[in-house]
1. Kindly flag which residue pairs out of 404/453; 163/441; 602/646; 441/616; 441/551 have an alpha-carbon separation exceeding 28 Å in this structure.
2. I'd like the Karplus ³J(HN,Hα) series for region 168-175: coefficients 6.51, -1.76, 1.60, θ = phi - 60°, whole numbers in Hz, and an x wherever there's a Gly or Pro.
3. Sorted by average packing, counted as other Cβ atoms within 10 angstrom per residue and highest first, what order do 224-232, 631-639 take?
4. Short version: what are the Cα gyration tensor semi-axes of region 601-642, square root of 5 times each eigenvalue, largest first, in whole Å?
5. Quote the Stokes-Einstein diffusion coefficient, in whole µm² s⁻¹, for the chain, based on the Kirkwood radius over alpha carbon pairs, a temperature of 10 °C and a viscosity of 1.306 mPa s.
6. Mind checking the dipole of the chain: about its Cα centre, +1 per Lys or Arg Cβ, -1 per Asp or Glu Cβ, Debye to the nearest 20?
7. Taking the Cα centre of region 568-626 as the origin and placing charges on Cβ (Lys, Arg +1; Asp, Glu -1), which of 575, 587, 600 is farthest toward the positive end of the dipole?
8. What whole-number value in Å² describes the accessible area per residue of the chain for a 1.4 Å probe?
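The values are calculated or read from the model by the stated rules, or taken from the named source; none is laboratory data. Predicted model, so just to flag it, every value in this text is computed and none were measured. FYI the Cβ positions are ideal-geometry reconstructions off the backbone, even for glycines, and counts take in every protein chain you see. When the accessible area is computed, the model is the full protein with side chains, heavy atoms only, and any ligands, DNA or RNA have been set aside. Shrake-Rupley method; radii C 1.70, N 1.55, O 1.52, S 1.80 Å.
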Amino acid sequence: MKSGPRHREKAEPRDEPICIAPTECRGLARALDYEWLETNGRGGFASGTVAGANTRRYHALLLVARRPPVDRVVLVNQVEDWVTVGDARTSLATNLYSGAVHPEGYRACEGFVLDPWPIWSFEVCGVRLLREILCVRGRDLVIVRWRRVDTLPVPVMLSVRPKLSGRDYHSLHRENQTLQPDAETAPGRVTWHPYHDIPPVRAHHNGRYRHQDEWFRCIQLPAEQSRGLDGEEDWWSPGEFTWTLSSGNSAILVFTTEDEPVDAIRWIDEERARRSRLESSAPGMDRLARRLWTAAETYISQRGEQQTVLAGYPWFTDWGRDTFISLPGLCLVAGRHDVARQIIRTFASHVSEGMIPNRFPDQGEKPDYNTIDASLWFVHTVGRYLDLSSDDEFLYNVAWPAVKQIIDGYRRGTRYGIRLDQDGLITGGELGVQLTWMDAKVGDWVVTPRHGKPVEVQALWTRSLEVAEALARRFGDPTEAERYRADRLRARLAFQARFWYQEGGYLYDVVDGPQGNDSTLRPNQLYAISLARGLLTFEQAHQVLEIVRAKLLTPVGLRTLSPDHPDYRGIYQGGAWERDGAYHQGTVWPFLLGAFVTAWIKTYGASREVQLEARKFLEGLDAHLEQAGLGQVSEIFDAEPPHTAKGCIAQAWSVAEPLRVLLEDLIDVSEPFSSSDSHNHA
């Protein structure tokens, strides 16, 4: 492992922001496809489309986590804003109804920029206005500001109607008789508490408020409908805010659940400065690396007194596997060791029977321990922390005890038949349970069960034993270190004897499964090169990379199944059965680019020519950052061109793994793969 990235001189001038042109803003279909995201570091977020219309149940202005980062509720769905210039009244908002679009504010949009937060430009009768939306890190609030930026000597009336619900963020809201329609008003503030079991919403403003509630019914959410889900809900609007704006004036609305004094202008200035510092700290000259560096903060969130990683927006919380695949890129190679330390501590405190949680549920039930690999990813990340820091006190008191529990748990055997088999490899699996990252399940149907000995689990096991050996030697336990070493050598020999599929020229995906050895061509075998030492010869590694490049590599990630396979699904669409049936049966995952690029560099070396070739594998992500979830990398893509983005609009490991290889493999210089590694390294 390397000692860390060598950051080149910072890029100057400042990177160009992500902009959406006026023609695209005024094209409804395209503007609905562009989505923006603001997060608060507590599990809450604001999100929507450039068109202004909500298309998902997760689109909202004020969405907070009552027990950060979980138990999320949608409180304010949207604001509907209008401007009146003379006798002309024009909407800036857009909403979708069955068979109708009303109002059509997108038609007045003159552009959108994501710098340093979502900002829309509008022009109405020669008057130019900006609308800004931002979350403040560490606070359960969202700020909306409208600014006049023209010099015309005419007054403008701005009217704003907030739309509220008050529901779990996975649910939908309907008109009902239990909603409490009252408002508590004070100078510059109004409070609504529509349901007793959700937090009250406090709106701080510098305008005038008139309470006159009404319902907006049958809002259409087409992104939900396209996923085979209910996509219609009703919103309650308590009243209307108004401002008279002269040139240079601003209207401000702050929606919050907090009962504290509000200083919106100071918060805006401080948040702008904080984001500027984050952007200026980005290393290297590569624009993709700099943008991913900025995006990485999106996924770091509070959990109790510690930090955690949110797997993706808008619907995932913190998952163990996602966290520890992501942590090296999000934190370790980026130098955020303090955050990594907190996250490792969070999961170390939940080790049970040699396993870390796969998931912390939304509603506070006990954590789920249902993964064969997440605990081994934890150990790998501890190894990276060992490589990149000198924090022996933390390693000895927190990480090392957890690593020992995990290794011992796998040796003895733990849940779901996960155990060390007689040949030195890890096996596991029970009927009806999905344990690897290919974990799609609908009802009782486990799409890719992969019971037996999955290839990436063996790579993780040998890597974990290497980490445990290093820690044992570091902390004065040579006897246990030798035991870890012996286990690693035994696992390596068994791997070399069992996993090479000679007929295909690549690795089995699973051996000793219910139907024997599985020769399905999947990308999981890349980890046998990227994670572990000595599992393959140079020639074997070369063959694996060439067939993966030919069959699985796309401009935005790797297919999860070869197109030659009869179960291949090229398009991810439809209801839950159709989508989950395609999830790991061809669908492209961008996070796999990390394993592919690392394997490429480890095999062919880090010459300038090899690095330039490997950088081309990431080129599709450069363009993608200005599509779908703006400034972020989506969870998945269709396996067939044009490789349309699907799933979550922002996924932690989709950002983290490309960022890791950009900072580590494509900036640093490493030694080429040596065929002697497969035989001589112990």
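1. Details: 404/453 22 Å; 163/441 36 Å; 602/646 31 Å; 441/616 34 Å; 441/551 25 Å.
Over 28 Å Cα-Cα: 163/441; 602/646; 441/616.
2. Here the 3J(HN,Hα) series is 4, 6, 8, 9, 10, 10, 10, 4 Hz.
3. Details: 224-232: 15.9, 631-639: 25.9.
By packing density, highest mean first, the sequence is 631-639, 224-232.
4. Details: eigenvalues 136, 29, 15 Å².
Whole-Å semi-axes of the equivalent ellipsoid: 26, 12, 9.
5. Numbers: Rh = 26.4 Å.
Answer from the Stokes-Einstein relation: 60 µm²/s.
6. Details: 78 positive and 92 negative charges, 155 e Å.
It works out to roughly 740 debye.
7. 600
8. Values: 24690 Å² over 682 residues.
Per residue, the chain has an accessible area of 36 Å².
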